[in-house]
Amino acid sequence: MTYSVAHPRLELEHRETMSGRARVRIFDTTLRDGEQAPGFSMTPAEKVRLAEHLERLGADIIEAGFPVSSDGDFEAVRAVAATVKSAVVAGLARAVTGDIDRAWAALQGARRPRIHVFLATSDLHLEHKLRIDRATCLARTREAVAHARSLTPDVEFSAEDATRSDLAFLCDVAATAVEAGATTVNLPDTVGYALPADITRMFTAVRDRVGDGVTLSAHCHNDLGLAVANSIAAVQAGARQVECTINGIGERAGNAALEEFVMALNVRREALPYDTGITTTRLVPTSQALSSIVGVNVAPNKAVVGANAFAHESGIHQDGMLKNELTYEIMRPESVGAAGTRLVLGKHSGMRGLDARCRALGHRLGEVDLERVYRRVTALADRSKTVNDEQLAAIIREEAGGATPATARRTAPAKGREAACR
Ligand code: KIV
Ligand code: ZN
């Protein structure tokens, strides 16, 4: 099925995939909303490096920055626009002419530029932040979008704080933006306040008002840890673009994590008939590239890309994993570009895990009493959290009466790291 849309290039992207599954476009805002988080700012060269990763990953739209915010960010958007080959490059602008012109100037080198205009729509923001009334908000929306549209056919309008806006007024703003030429209307949960049911209600109402000729977009913040769940609810209610960031970075608690949203669609494909253009095997490499560029590590328990996402320490889990990986893993580590499953030796580990680990490292277990090794391993783990390969080798050497462990059958893991057991 093809929806009629104002811009022919977008028409192509609205088509459902051959399988009848709808295509959801990924709008990556790591370089804009992501870098707005304290400690995550990037130089133009760093943004270019990450943009190359994002394009390889398969992001449909890369929001490169907010050009009016600083000369450095203007330069960064310009450099990203000149580098990116096939993705749309977006620049953010408030709903004022000067911002829009600055964004457009920064996007000149982009093969596929997009101006992204935003204006708050909640009474709270209108009265206390912008000090304007609803009529002025409508007029500014119309003028700003029309101005952007006079520069480029690809214009996105965002209703900041949409989820705390009066729904009837939000529908009026969205309809005004579409009439003025917006090809995408984004409904952000700017402060991460909404529940999935609120998101369903909001997207359903706006979609009923503006129809299918415009792309609706979700932009959910994670203040209550609901950003990905809310993004999924938005897609189920008709959104065909999701704004997200690598590692979920962004203002305060961050944005919806790209890797989590994409893998939710992937792992639960029977329940979620939507496809993205993301190459999932690039998820971990892209996450690691961001970490090294900004110098901030990912939490070990971070879904999909954290160091523990495919690590198992407890004896029961290790036993299950050794019998059938499906017992405790819902996706394969290789599918997201992770090195592999790790069975980590710690105080919760059991004999089966120890045995597998020793074998993976190539130790001749006939020479030692595995029970004794196990007791020493758990005693050490009680003191030092986990037991790495060097420590395990030392225990086995001592138990074997000083003999050197046999050469590992597989490539030895890096010093201090646990063995990959698959
Ligand atoms: O969270 C938000 O409302 C935003 C807009 C500028 C899109 O980041
Ligand atoms: Zn945001």
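The values are calculated or read from the model by the stated rules, or taken from the named source; none is laboratory data. Keep in mind the model is a prediction, meaning the values are calculated, not measured. Please note: Cβ atoms are built from the backbone with ideal geometry, for glycine as well, and neighbour counts cover all protein chains shown. Only protein heavy atoms, including side chains, enter the accessible area calculation; ligands, DNA and RNA are left aside. Shrake-Rupley method; radii C 1.70, N 1.55, O 1.52, S 1.80 Å.
For every residue, the table says whether it meets (1) outside the structural domain of residue 153 (by TED's automatic domain parsing); (2) assigned to a loop (DSSP other than H, G, I, E, B); (3) touching a residue at least 60 places away in the same chain (Cβ under 8 Å).
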{"site": "185", "(1), (2), (3)": "no, no, no"}
{"site": "204", "(1), (2), (3)": "no, no, no"}
{"site": "223", "(1), (2), (3)": "no, yes, no"}
{"site": "228", "(1), (2), (3)": "no, no, no"}
{"site": "232", "(1), (2), (3)": "no, no, no"}
{"site": "265", "(1), (2), (3)": "no, no, yes"}
{"site": "282", "(1), (2), (3)": "no, no, yes"}
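With the condition kept exactly as written, say whether any residue in the stretch 237-257 is within 16 Å of ligand 2 (Cβ to nearest atom), among the charged types (D, E, K, R) and over 24 Å from residue 204 (Cα atoms).
yes
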List the pairs whose first member sits in the stretch 373-390 and is in the same structural domain as residue 355 (by TED's automatic domain parsing), whose second member is open to solvent by 80 Å² or more (accessible area, probe 1.4 Å) and modelled with pLDDT under 95, and whose Cβ atoms are under 7 Å apart, counting only residues at least 6 apart or on separate chains?
378/347; 381/347; 382/347; 388/417; 390/415
Which one of these is within 12 Å of the chain's Cα centre (by Cα) and either within 16 Å of ligand 2 (Cβ to nearest atom) or buried (at least 18 other Cβ atoms within 10 Å of the Cβ) (or both): 37, 59, 51?
59
So the helices (runs of 4 or more DSSP H) completely within the stretch 5-100 holding 2 or more residues that are at pLDDT 95 or above and out of contact with any helix residue (DSSP H, G or I) (no Cβ under 8 Å at 6 or more places or on another chain) are 71-83
Among the residues of the stretch 204-224, are any of a type in the set (A, V, I, L, M) and within 23 Å of residue 330 (Cβ to Cβ)?
no
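Could you count how many residues in the stretch 142-163 are part of a helix (DSSP H, G or I) and either away from ligand 1 (no atom under 16 Å from the Cβ) or touching a Phe, Trp or Tyr at 6+ places or on another chain (Cβ under 7 Å) (or both)? Explain how you work it out, then say what you get.
Kept after step one, since they are part of a helix (DSSP H, G or I), are these residues of the stretch 142-163: 142-151, 162-163.
Okay, now just the ones that are also either away from ligand 1 (no atom under 16 Å from the Cβ) or touching a Phe, Trp or Tyr at 6+ places or on another chain (Cβ under 7 Å) (or both), so 142-143, 145-147, 149-151, 163.
Number satisfying all stated conditions: 9.
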Listed residues 242, 206, 235, 210; which is open to solvent by less than 10 Å² (accessible area, probe 1.4 Å), farther than 28 Å from residue 51 by Cβ and in contact with a helix residue (DSSP H, G or I) (Cβ under 9 Å, 6 or more places away or on another chain)?
206
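Which of the residues spanning the stretch 115-133 are in a strand (DSSP E or B) and within 16 Å of ligand 2 (Cβ to nearest atom)?
116, 117, 118, 119, 120
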Does any residue of the stretch 266-289 turn out to be within 16 Å of ligand 2 (Cβ to nearest atom) and either farther than 21 Å from residue 58 by Cα or not charged (D, E, K, R) (or both)?
no
Do we have residue 306 as within 22 Å of residue 57 (Cβ to Cβ) and outside the structural domain of residue 32 (by TED's automatic domain parsing) here?
yes
